[in-house]
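The values are calculated or read from the model by the stated rules, or taken from the named source; none is laboratory data. Computed from a prediction, not measured in an experiment: that's the story for all the values here. Don't worry about glycine lacking a Cβ; one is built from the backbone with ideal geometry, like all the others, and counts go over all protein chains shown.
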Amino acid sequence: MLYFIKFIYQWLLPPACLFLLLISLNIYMYRKKLSGRYFLSIVLLLFYFLSVRVGADFLVKPLENRYALPCVVNNDVILMLGNGSVADVPDFDGKGQPKGTMAKSMLSALKLYKKTGLPILVSGGCVYKDNGIEADIAIRNFSAMGVDKNKLYEENQSLNTIENARFSHKICNENGWRNPLLLVVAIQAPRTAMIFEKEGLKCVVFPTHFRRSESWHFHPVLDLIPDADNLADSAAAIKEYMGIVALNVFNYQ
């Protein structure tokens with residue numbers, strides 16, 4: 001009964017409900033033999049593919065599986081990239097909270113710190129005013145969770161991955177760090193590693209926040225109905241592929 005209810009309301013939520021409306025429109029166009037019906041059919045097929053698990057897995061898994069977790073940590077600093085925060089929302093000890101992606105990277109960084117005692121360098125500025133300064137929010141939370149303040153470093157000016165790499169490289173040089181452990185969202189790891197290498201900072205990649213499960217247990221609610229999470233993951237993967245292509249085609253300074 002529970003899964004039947006999930007099956008019903010999933011069709012009532014976007015993008016599934018929009019998919020149904022577009023199918024209805026497409027059927028009407030075929031009955032009236034209106035021009036553009038074939039194009040809409042192609043768009044619907046693409047939309048469906050990107051919105052179900054098989055499509056999202058097809059796009060996301062090659063990116064997330066590019067780097068395995070290192071078995072041994074022989075690095076001299078934990079370099080964590082900020083990946084989203086929310087400004088001016090109440091927190092236990094101030095304002096501003098990390099978004100889910102950054103929170104998962106913080107959890108990995110905290111575990112690594114507890115195990116190795118390595119310093120943590122957080123890189124992330126204020127991309128949008130509503131986000132707040134990612135590094136400041138992360139550092140405040142790390143301190144509240146018991147990380148030694150003398151082991152916390154931040155780079156809070158960067159607005160994109162290129163600046164993350166460029167400004168972090170400078171801080172690493174100032175502190176004599178030559179072998180950073182780079183904590184980055186798994187889907188972004190291939191592009192990010194390319195950028196850091198172009199900036200002359202070779203890192204050991206430690207992927208965090210995996211979006212797609214390795215195992216697959218078929219279920220009609222998860223696998224057959226268009227889902228917003230699948231669509232968001234597909235869009236994120238397409239963005240990463242576009243970024244990788246751009247890095248290979250264009251040179252930046």
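General remarks:
- Scanning region 163-187 for residues that are in a strand (DSSP E or B) and either under 15 Å from the mean Cα position of the chain (by Cα) or modelled with pLDDT under 95 (or both) turns up L182, L183, V184, V185.
- Checking every residue in region 204-214 against the condition of being farther than 20 Å from G84 by Cβ and either buried (at least 16 other Cβ atoms within 10 Å of the Cβ) or in the same structural domain as S168 (by TED's automatic domain parsing) (or both) gives at least one match.
- Where strands (runs of 3 or more DSSP E) fall entirely within region 1-114, those with at least 2 residues that are crowded, with 18+ Cβ neighbours inside 10 Å, under 25 Å from the mean Cα position of the chain (by Cα) and touching a residue at least 60 places away in the same chain (Cβ under 8 Å) are at 77-81.
- Scanning region 193-213 for residues that are touching a residue at least 24 places away in the same chain (Cβ under 8 Å), in a loop (DSSP other than H, G, I, E, B) and over 22 Å from D57 (Cβ atoms) gives E199, G200, L201, C203.
- Which listed residue, of P180, P190, is more than 19 Å from L112 (Cβ to Cβ) and in contact (Cβ under 8 Å) with a residue 40 or more places away in the chain: P190
- Only one entry in G125, G146 is surrounded by fewer than 20 Cβ atoms within 10 Å (Cβ to Cβ), outside any helix (DSSP H, G or I) and in contact with a helix residue (DSSP H, G or I) (Cβ under 9 Å, 6 or more places away or on another chain), namely G146.
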